[in-house]
Amino acid sequence: MAGPMTITAEEVNCLIHAYFQDSGFQHSAFTLRMEGRLDNSHHIKKHIPRGELVELLSKALLYSEVEAHWKEDGLANNCKNRFSLLEHHVCLFDSDEQPHPSAQPNGSSYLPVVGDTKSKRKSVTPSSEDGHVEKRARREDDDSESAMAVDGASTPKTIPKEVKSLVELQPSFTEGVIKKHKTKGATLPKSEAVSVLRAHESEVFVASWNPASPGSLITGARDATIMYWDIPTNSWDGSAVPSLPPTSKISLTNSTKADLTSLDWNKDGTLVAIGSLDSVLRICNASGETYMIDDHHKGPIFAAKFSPSGQWIVTASLDNTSCVWDVKDRRLHRQYRNHGEACCLDVDWIDDSIFVTSGGDCLAHIVSLSGTKPIQTLKGHTAELTMVKCNPSRTRLVSGSDDATARVWNLEAILLDKAPTPIVLKGHTKCLTSVKWCPNTVPETHELVATASFDMTARLWDSSTGDCLRVLMDHTKPVYSLSFSPEGFQLATGGGDGYLHLYDVKTGDKVWSWSGGVRLGIFEIDWKKWGDTSRIALATEHRAVVIVDPTKLHGVRTT
């Protein structure tokens, strides 16, 4: 007889904390982490797969559905009323539109089984063919009675064998994703173009190529470790090469709340700015040696970016401020409190003396180094403004928000003190996760903007007209990351389903897909080119860094 199953409030809080992070509710996650004192819990260090809370709730709902329709001699499978997390269930049958008289107040319906009891849920035995195994191993005493305790309160519950078998034989979400993609023609190659590097011990959140040193890559993970890599730039077979070790590994802190959030190189690749949840700004050189550390912020740093010349760094923090740092003198230049009581979520430079910040107050502020107050405020978004990005010429700005829209602003007009009138990019149904400008524009055409969303799509837009040119719908979970190829011919998307898709920007056709065979997300994509060498780096939830050589991919244009 196994001991009782227990659920503690601490475990539930960790699940909710992970759900907040998955959903992009960073402020809520931070608040729960502080108020729940989760940093003192050993559970906070455990890997919680994306969507775990939703998956557990769906399984609980399935059990409740089976329990409501169960009687000793069978299972009723002709109830037409769907189950809901928040609504009391009353059975509804084909015979009439009223609840069946045998429906009990607790939502149970004692009816004989009609037809095949297995037809309601198709039975699928998990297969390891694609590298998938059951999430939790079945125990030998599955048929025994068990008790569940919530914070010490036990509620014995007998689980019928038939209920157990029905619940346990549900197809895994991962297998459903694989089968769905196979029907779409996506590929799951063990390709010579792909190499999977395993050295991190937790989820890899950020990855950034050195702009000046071919093959030099830096990656950062949830456990506050930084890895430096020297990736071969000559021809190599990624599938045959043994896992390449990093050239150096740096543990930034022993803190349990030091997830890496941001990496940004200066223009000549000599220094990299590192943002982290531990509120500390760090600058390291190209070999990993510390150049500067400052803990002036009192909340997590979400973004840290060099100015075009590399003279300044601007940071965005959950402490409701942005800060500008003098890189040469290694000191704080000024702290800005323009978002009131709302957190500052992103920053970018317009030129070497003017920058833009976005925040939880639904506003973007354009600020000059010579003053403290905004020289212009951009209004119109109706939810947290989570990202701002200038185009390559720094003449226009795109802002992305939790209100499911992006807006394109004419910076030249704004800096001339003209009333800002944005182009609104409307079409997504959930909050945005990423916005990117196409690096190159074909003569006599408009600049392109790409957006990604929790609605499981990416979109390509004409930034001058606001027209949606393409809707990319191959992902089965939220799309987290975007990257154009350096020439602007392709768009790469990475999602919570673990897939990387490459699309032709002109036609919108999918030209290549890859997955590691697990339903763990791709958090960041960085596509860089040095001369004739081109490489794509992926930061993944699977604790791996994935390198793709696009020159070896059929149909991917690199020149």
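Karplus-based coupling profile of segment 471-476, in residue order and whole Hz: 10, 9, 10, 8, 7, 10, with θ = phi - 60° in 6.51 cos²θ - 1.76 cosθ + 1.60 and x standing for Gly or Pro.
In order along segment 310-325, phi translates into HN-Hα couplings of x, 6, 10, 10, 10, 10, 10, 9, 6, 7, 6, 10, 10, 10, 10, 10 Hz, rounded to whole numbers, per the Karplus curve 6.51 cos²θ - 1.76 cosθ + 1.60 with θ = phi - 60° and x for Gly and Pro.
Database remark: amide H of A364 closer than 5 angstrom to the amide H of L378 (H placed geometrically; neighbours at sequence offset of 5 or more, or on other chains; Pro and chain starts carry no H). Using the Kirkwood radius built from alpha carbon pairs, what does the Stokes-Einstein equation give as D for segment 370-409 at 10 °C and 1.306 mPa s, in µm² per second? Answer from the Stokes-Einstein relation: 141 µm²/s. According to the Kirkwood relation over distinct C-alpha pairs, the hydrodynamic radius of segment 195-552 is 20.5 Å. Phi angles of segment 197-204 translate, via the Karplus equation with coefficients 6.51, -1.76, 1.60 and θ = phi - 60°, into HN-Hα couplings of 9, 10, 9, 5, 9, 8, 4, 9 Hz per residue; Gly and Pro are given as x. In the context of the full set of protein chains, segment 195-552 has a per residue accessible area of 36 Å² (1.4 Å probe).
For segment 454-511, with all protein chains in place and a probe radius of 1.4 Å, 52% of the accessible heavy-atom surface sits on carbon or sulfur. More than 14 angstrom separation, counting every C-alpha pair in segment 9-58; what % is that? Of the Cα pairs, 47 percent sit more than 14 Å apart. Each 5 Å bin from 0 upward holds the following percent of the Cα-Cα pairs of segment 496-559: 4, 16, 27, 24, 19, 8, 2.
Surface composition of segment 9-58: carbon and sulfur atoms hold 57% of the protein heavy-atom accessible area at a 1.4 Å probe. Local charge for I293 was computed over the other residues whose Cβ lies under 15 Å away, with Lys and Arg +1 and Asp and Glu -1, and equals -3. In a DSSP loop and with at most 14 other Cβ atoms within 10 Å, the trypsin sites (Lys or Arg not before Pro) in segment 414-486 are K418.
For segment 9-58, the per residue solvent-accessible surface stands at 54 Å², with DNA, RNA and ligands left out and a 1.4 Å probe.
Between R330 and T421, the contour length at 0.36 nm per residue exceeds the alpha carbon distance by 28.9 nm. For segment 263-313, the set of trypsin sites (Lys or Arg not before Pro) satisfying both a DSSP loop assignment and a count of at most 16 other C-beta atoms within 10 Å is given as K267, K298.
The values are calculated or read from the model by the stated rules, or taken from the named source; none is laboratory data. Quick caveat: nothing in here was measured; it's all calculated off a predicted structure. Every residue, glycine as well, gets a Cβ built from its backbone with ideal geometry; the counts of neighbours run over all protein chains shown. Only protein heavy atoms, including side chains, enter the accessible area calculation; ligands, DNA and RNA are left aside. Shrake-Rupley method; radii C 1.70, N 1.55, O 1.52, S 1.80 Å.
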